[in-house]
1. In percent, how large is the relative contact order of segment 202-256, given Cα pairs closer than 8 Å and 6 or more residues apart?
2. Once R0 is set to 25 Å, what does the formula 1/(1 + (r/R0)^6) return for the Cβ-Cβ distance between S185 and S126, expressed as a FRET efficiency to the nearest 0.05?
3. Between L27 and R203, what is the label-to-label distance in nm when each label sits 7 Å out along the Cα-to-Cβ direction?
4. Straight-line reach from K189: which aspartates and glutamates have a Cα under 14 Å away, not including same-chain ones fewer than 8 places off?
5. When a/c is below 1.5 the answer is rounded, else prolate if a/b is larger than b/c, else oblate, so apply that to segment 119-198 with a ≥ b ≥ c taken from the square roots of the Cα gyration tensor eigenvalues.
6. Between I359 and D255, what is 0.36 nm times their sequence separation minus the Cα-Cα distance? Round to one decimal in nm.
7. Given the rule -39500 (n - 2.57) for each run of at least 4 DSSP H residues, summed and divided by the residues of the chain, what is its mean residue ellipticity at 222 nm, to the nearest 500 deg cm²/dmol?
8. Would you mind checking K117/K198; K198/K304; K292/K344; K272/K344 for any pair whose Cα atoms are more than 27 angstrom apart?
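The values are calculated or read from the model by the stated rules, or taken from the named source; none is laboratory data. These numbers were taken from a predicted model, which means no experiment stands behind them. Cβ coordinates were reconstructed from backbone atoms using ideal geometry, including for glycine residues, and neighbour counts include every protein chain displayed. Quick note on the areas: whole protein, heavy atoms, side chains included, nothing else; ligands and nucleic acids left out. Shrake-Rupley method; radii C 1.70, N 1.55, O 1.52, S 1.80 Å.
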Amino acid sequence: MRRVDGVERFRELLRIGNYRGAFAEALRVRDPLRRIIMIAEIVTRSYREEFVPQLLDTLNEIKSPTEGAIAESYVGRAFYALEMERDGEVHFQRALELVERISSPVVRAEVLGVIGKNLVLSGRYSDGLAAFRRAFELIQSARAMYSEVVSNLVNLARRVEKSAEEIPNEIALDFYHLTREIYESIGFKLQAREIESKIKIAREVFKRGSVAVTELLERGDVDRALQMARFLPPAERAIAMLNVTYWLFIHDYPDLARAVFNDATEMLLVGKFEVRESEIEAVAYKLLRIGKLKEALVLAGLLKDERRFSELVGEIAIAYAKRGEIGHARELAARIGDILIRDKVLKAIKGVGNTLSRIGGNVESERPNNERGGGGLVNVDGEDRGVREEKPG
């Protein structure tokens with residue numbers, strides 16, 4: 001049996017929204033900088049202030065300017081996630097002050113790259129770009145071996161490019177221009193051309209919106225559609241990615257479909273933006289029609305409207321019943337909040353069960369719950385919504 005380490009446990013607990021469990025895992029980490037990064041990630045996902053005291057206590061354990069600057073930037077980002085901008089500004093300012101105490105220009109540039117990333121993730125795009133540009137200048141002027149300069153510039157270019165993909169407006173173009181400039185400075189022509197291609201894609205999306213992504217999907221150009229979706233505003237991006245998921249499933253790319261689906265649902269779970277529930281519901285029904293019950297069930301858990309949730313879970317429950325999983329179907333139906341819909345669904349499940357019994361179908365109505373495998377819908381707080389996931393298969 002493969003041993004699961006603390007980092008994997010931490011990631012899994014974060015994924016399912018068990019923030020207190022992830023926090024307990026973070027507290028076991030001895031290295032204070034690593035602990036700060038983990039706690040800051042919990043705060044940025046959960047939007048809970050209860051983890052802040054331990055975050056600040058851990059910050060006091062760090063003594064070196066290098067680690068201190070990185071730690072301060074993560075704390076600043078955590079405060080911005082909590083919409084406590086004044087506190088966040090204080091910590092980002094401390095991070096930049098500590099950078100000036102770092103003697104090595106190369107190390108200073110590397111730390112500025114981390115600070116720039118956290119500034120971008122806090123919505124401070126211009127300040128993030130300034131930090132990246134300063135890092136670029138420091139590496140260029142550093143008295144270091146050429147191979148070391150190239151390696152650091154490549155790492156910086158990748159960080160700037162990744163930051164561009166976090167920006168849902170035309171400011172992203174400035175980050176791509178800097179990325180291209182960095183690659184050109186070291187003669188990486190192929191990478192520079194790839195960035196130029198992304199600039200063209202980004203411009204098209206900013207001009208035409210999600211229509212451009214839909215057209216690409218209709219033509220079967222899924223790779224470009226995924227690239228374009230990155231530049232949409234968060235709500236549109238998440239829905240576009242769900243539609244890409246559906247396309248990938250019907251064209252028999254299940255592994256990629258699930259990866260894109262997981263990214264999209266994580267955005268919807270942790271993002272602070274409004275999404276029309278009708279759009280989530282529409283994709284859920286499309287997935288239901290092609291038999292992707294597990295994914296439809298996950299989307300059902302994102303619906304706050306009780307009637308929408310009840311109707312969708314009812315349809316999913318009946319679909320499970322038709323597969324012969326009568327017991328599982330009844331469990332789902334029992335969690336439906338709307339009494340009229342619940343009774344209607346239970347009646348339909350009973351009818352399916354009787355039909356399967358008459359024709360000798362494989363009915364699993366008496367199968368114990370613990371044999372079905374784990375999994376359940378969780379909301380942002382990690383509380384069980386009472387809806388089990390489909391068996392993998």
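1. Relative contact order for segment 202-256 comes out at 31 percent.
2. Once rounded, the FRET efficiency stands at 0.70.
3. 5.4
4. Within the straight-line limit of under 14 Å, K189 reaches these aspartates and glutamates: E181.
5. Cα axes put segment 119-198 in the oblate bin.
6. Result: 34.0 nm gained on full extension.
7. Dividing the helical sum by the residues of the chain leaves -23000 deg cm²/dmol.
8. K198/K304; K272/K344
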